[in-house]
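Read through the structure below, which is laid out as structure tokens, and then see the notes.
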Amino acid sequence: MGKPRLMVRNFITAASMLTPVSNATGRVTNPQKEGSGSGSVIISGDYSGTSDLNYSIQIDGAGEVGVATFRWSDDGGATWDATLVLTSTSPIAMNNGLSVQFAGGSGTDFVLNDTWQFRAFLPYGAAKLIDRDRDTEYRSLNANVQLTVVIDLSEPKAPDALIIDKHNFGSTAVIRIQGNSANSWGSPPVNEVVTWAKNSIIHFFTTTKASRLYRYWRLFVDNIGNADGYYRGAELFLGPYLELTRSFALGDAQRSHRIGVRQQLPSGRWLVGFSARAQEFDLVWEFLSATERDLLFEQFARLSDQTNRKVLPLWFNPDADDPRVLDPNEDNWVGNVFMCEWEGAAEARAGQQAPGRFDMPMRLFEIPRTV
């Protein structure tokens, strides 16, 4: 039996570090107008950008359609991508696959500074891979080609673990994690095969740490013809793990919870809805050194997002020798990894029978996917 491992610090910290082969088509909101002109705008096209953007369209020359001019911005008006563009009833290309066209009204069509605001967003964009929310996901445009996600860490780093959560890869998919000093993948120095598991995958690198210090990494998946018609993943982790010299003590407990809704209707009948199943772990590490005690306190501190006032989850693998296990509920191999909240406080108790050693209890509750 191997030791448990905790994964807290993802090397992927921004969506800009991720370049997937494609994204599912984005969406745009209805333009909201401020101004007294009687004209209107129509936005058309499929949004193909790689991040959420705020667009502004503003009249910079008053008049009727075909006479008035406008400027447009994709950063909410902080800068303008084009100015003094002639209005038209035909679509005028902007960027990211979007176009704008103008329609006249009953009075003066366009008054100086008439402004329309709309948002273009990616409900399945790459940012969903690192938002620590299992109910959101990345999707590719289709599954007609191999999936690649290039990861630029900005500087050389040596990850210990890869996690792909809530994916839809078929059991025959070929999966690899690759590393290189350049964004070049003909013959990368790190090219490890990742063993498939249903729903979630955890992979521990076998290449020596000194030999996997690279800036660029690439997730490669060959599952062309995926039954869903696209590739999907809820979370992507690439980073270090913490493995203590001791495993948790005998007497640890693991529970499986049903999570649902139970509500009594006015008729007296009960409405019961089952939405998810979650694991709970009660663990105790015994006879830890002060150094390892402090390492656990450090991990706990990393789970507090002071800026956004949120508690962050961690990843937990109960047994490093078993990255996947047979799950009778899934009737298949599933990843032996759980996204959990560390419940309560981080507490260390001085061992009475071992001076200089410490016992640390830990309760982890899995964050289930509910959609």
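Summary of computed values
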quantity	calculated
Test for PHE316: is it closer than 24 Å to PRO240 by Cβ, modelled with pLDDT of 90 or more, assigned to a strand (DSSP E or B) and not β-branched (Val, Ile, Thr)	yes
Selected residue (criterion: surrounded by the most Cβ atoms within 10 Å (Cβ to Cβ)) from residues of segment 289-302 that are among the polar types (S, T, N, Q) and touching a strand residue (DSSP E or B) at 6+ places or on another chain (Cβ under 9 Å)	GLN299
Whichever residue in segment 329-345 is in contact (Cβ under 8 Å) with a residue 40 or more places away in the chain and part of a strand (DSSP E or B) and, among such residues, is most open to solvent (accessible area, probe 1.4 Å)	TRP333
Which listed residue, of GLU155, GLU192, is part of a strand (DSSP E or B), acidic (Asp, Glu) and touching a Ser or Thr at 6+ places or on another chain (Cβ under 9 Å)	GLU192
Only one of ASP305, ASP322 that is within 21 Å of HIS203 (Cβ to Cβ) and open to solvent by less than 70 Å² (accessible area, probe 1.4 Å)	ASP322
Residues that are closer than 30 Å to THR148 by Cβ, assigned to a loop (DSSP other than H, G, I, E, B) and either open to solvent by 50 Å² or more (accessible area, probe 1.4 Å) or among the hydrophobic types (A, V, I, L, M, F, W, C) (or both), drawn from segment 3-26	VAL8, ARG9, PHE11, ILE12, THR13, ALA14, VAL21, ALA24
Given (1) open to solvent by 20 Å² or more (accessible area, probe 1.4 Å); (2) modelled with pLDDT of 95 or more, index of the condition ASP135 fails	(2)
Matching option when the condition is farther than 30 Å from TRP342 by Cα and touching a residue at least 40 places away in the same chain (Cβ under 8 Å), among ALA82, ALA14, ALA68	ALA68
Residues (over 30 Å from ILE151 (Cβ atoms) and open to solvent by less than 40 Å² (accessible area, probe 1.4 Å)) located in segment 90-100	ILE92, SER99, VAL100
Long-range neighbours under 7 Å by Cβ, at least six apart or interchain, first residue open to solvent by 60 Å² or more (accessible area, probe 1.4 Å) within segment 346-361, second part of a loop (DSSP other than H, G, I, E, B)	ARG357/SER289; ARG357/GLY351
In segment 158-189, the residues that are open to solvent by less than 10 Å² (accessible area, probe 1.4 Å), outside any strand (DSSP E or B) and closer than 18 Å to LEU213 by Cβ	PRO159
Contacts under 7 angstrom Cβ, first residue in segment 202-217 being over 28 Å from TRP333 (Cα atoms), partner open to solvent by 50 Å² or more (accessible area, probe 1.4 Å) and in a helix (DSSP H, G or I), 6 or more apart	none
Strands (runs of 3 or more DSSP E) enclosed by segment 197-288 - at least 2 residues per element that are out of contact with any Lys or Arg (no Cβ under 6 Å at 6 or more places or on another chain), at pLDDT below 95 and open to solvent by 30 Å² or more (accessible area, probe 1.4 Å)	253-264, 270-288
Residue match in segment 27-48 (condition: part of a loop (DSSP other than H, G, I, E, B) and hydrophobic (A, V, I, L, M, F, W, C))	no
Filter pass, ILE57 being open to solvent by less than 20 Å² (accessible area, probe 1.4 Å), in a strand (DSSP E or B) and at pLDDT 95 or above	yes
Count of residues meeting criterion [in a loop (DSSP other than H, G, I, E, B), modelled with pLDDT of 95 or more and either open to solvent by less than 70 Å² (accessible area, probe 1.4 Å) or hydroxyl-bearing (Ser, Thr, Tyr) (or both)] in segment 106-123	3
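The values are calculated or read from the model by the stated rules, or taken from the named source; none is laboratory data. On a predicted model such as this, the values are computed, not experimentally measured, just so you know. Neighbour counts run over all protein chains shown; Cβ positions are idealised from the backbone, glycine included. Calculation scope for accessible area: heavy atoms of the full protein, side chains included, ligands and nucleic acids excluded. Shrake-Rupley method; radii C 1.70, N 1.55, O 1.52, S 1.80 Å.
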